[in-house]
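So the structure is just underneath, and the comments pick up after that.
The values are calculated or read from the model by the stated rules, or taken from the named source; none is laboratory data. For clarity, every value in this text was computed on a predicted model and none was experimentally measured. All Cβ positions, even for glycine, are placed from backbone atoms using ideal geometry, and neighbour counts span all protein chains on display.
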Amino acid sequence: MNKHQWQYMFHDTKLGLKRNKGAVMASVTLLFIALCLIGQLLLVRAYITEAVHYVESQVAMKVYVEDGMAQEVAAILAEQSYTKDVNVETGAEMIASLAFFFEGRTHLLESFTDGRVPDAVKFSVKDAEMMQVIAKNLEGASGIVSVVYPQQMAQILVSWIETIELYGVLVVLLFFVVAFMMVYSTCHLAMYKRQQELKVKLLLGMNPKIVRMQFLMEGVVLGISGACIAMLTTAVSYYTVYAGIHQAVPYLGKLHTMDLVMVCSVQLVMGVFLSVLASYISTRDVIADV
């Protein structure tokens, strides 16, 4: 196409969008919601994955023991080849460490002072990959009440990821379907309103591909508009919500700028692809029939 054809196509695209302001706004809004949801889903997944990696890298374990067994269990663990840095933490010490969180609510803290908090033995292992095996060997051993180790939290985080992905993807798919149908309806409505005009253009010898390209450009504009708003929202949440979480718990890892770039790229590509596909399908039969 030459320069004049491009100028004509852009001018016609602009007019087409102005003629259907309501449908255009609805399409952009639905695209924004769908793309914003997929962006947040990807950010949450990336953050939880970072947290899982951090938790799995920890080498500290804790076993809660029966009354009077702390020193004996600590001595046995200190002799094992897989342990290092064995320490005893009494129930009273644990309660004292929790006092900060119960400031101003001493009645809640007092509920822990009736002997229900057992003593514990904390120790580090030389190989984090052996934690699950060590925990299984210690569970049920004489004098040991329970075993706590980081991989348990990692398993919980992984289950969170799976749940978020399951329900998140279902919701995103629903909005994508609705957004697709809305973009399709917008382009279809635009062609219906200009059916006589399109007939004249084609009868005068205008290339059907150029006519179709005009509506595909409308789809591109819709996709980019929805994606840009979604990317802006994603960036704001990245620099506020996730940055705040990192400041509060920096040891759980953080999202990197490249994560944001990747998520925004996905939003832009998906927004444009969805809109162009809907536009193309809506024009395929109509332009062939006019």
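Below are the figures for this structure:
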{"quantity": "Scope the range 130-162; condition among the aliphatic types (A, V, I, L, M) and touching a Lys or Arg at 6+ places or on another chain (Cβ under 8 Å); matching residues", "calculated": "Val147, Val148, Ile161"}
{"quantity": "Options Tyr64, Tyr47: the member that is assigned to a strand (DSSP E or B) and crowded, with 17+ Cβ neighbours inside 10 Å", "calculated": "Tyr64"}
{"quantity": "Number of the condition not met by Ile33 [criteria: (1) without any contact (Cβ under 8 Å) to a residue 24 or more places away in the chain; (2) within 30 Å of Leu189 (Cα to Cα)]", "calculated": "(1)"}
{"quantity": "Residue within the range 36-53 that is at pLDDT 85 or above and of a type in the set (Ser, Thr, Tyr) present", "calculated": "no"}
{"quantity": "Selection status of Tyr167, at pLDDT 85 or above and under 26 Å from Leu35 (Cα atoms)", "calculated": "yes"}
{"quantity": "Number of positions in the range 138-163 that are over 31 Å from the mean Cα position of the chain (by Cα), surrounded by fewer than 13 Cβ atoms within 10 Å (Cβ to Cβ) and part of a helix (DSSP H, G or I)", "calculated": "0"}
